[in-house]
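Data block below; observations after.
Quick note: the coordinates plus some simple rules give every number you see, no bench work behind them. Worth saying up front: this structure is predicted, and the values here are computed from it rather than measured. As a convention, Cβ positions derive from the backbone with ideal geometry for all residues, glycine included, and neighbour counts pool all protein chains shown.
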Amino acid sequence: GNLTHSSHMGQNFSHDHLRWQSIAELKRSAKLSAEQIKALKKHFDEITPGRHRMTRSQFLHGLRAQKINANDDFLLSLFDIFDVHHTGEIDFKEFCVGVSMFCQGGLGVSLEAIFHLYDVAGDDRITQDEMVSAITAMGTTLRMKRFNESSGMNANTELASHIKTYVQEIFDAYDTDKTGSLDFRQFSEAIHSQPLLKTIVEDSIGGVMEAFEL
């Protein structure tokens, strides 16, 4: 449930210094270490000074302050994954649980979160434009190091056109019902069959973790 509506646990999360009960609860629910929880509390407090809930705009500006060079739609899609109650605000527990989806057990556990992250429109399908935008967004952050290495591109090559061509090839192969979009099953098949796409998605997970210094 939403801990801000629980007077006891809500008070624990609202203090500047987390009580041990709060850390124990978050270790169970978010499966994060005490050190990670304390680091996230620092980020949360910096983004939401004087408040105990974080809005979409605060989340966006907070990641901008972290020098995350992804576009706004991509970052707000990330917020929407955290905002499980669809209130437009998240408390500290939701923040921790959201972040934890990207750092638990590697690709298998995080794949659904990545699918929803790429699905900016929130319609449970990923279009070519959404995939291009997501890869480009995280690529800007991570400088697409692995993409460049895998495709043999050099620093002077136009990255955007290569990403678009690569995504077109993915859709030609895995958009089997020719809807112009991929559902979760098709997205999963593409990732497990395409080493480069799997690497790009793993870098997206790494980018989220890097954003929160985990």
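Model label sites at Asp172 and Lys42, defined 7 Å from Cα along the beta-carbon direction, differ in position by 4.8 nm.
Excluding Asp123 itself, what net charge comes from residues whose Cβ is under 12 Å from its Cβ, given Lys and Arg +1 and Asp and Glu -1?
That works out to -3.
With a cut-off of 12 Å between beta carbons, the residues surrounding Leu78 carry a summed charge of -4, where Lys and Arg count +1 and Asp and Glu -1. Separation of region 109-127 from region 34-52 is 26 Å, based on Cα centroids.
Within the shell defined by Cβ-Cβ distances under 11 Å, the residues around Val167 carry a net charge of -4, with Lys and Arg each +1 and Asp and Glu each -1.
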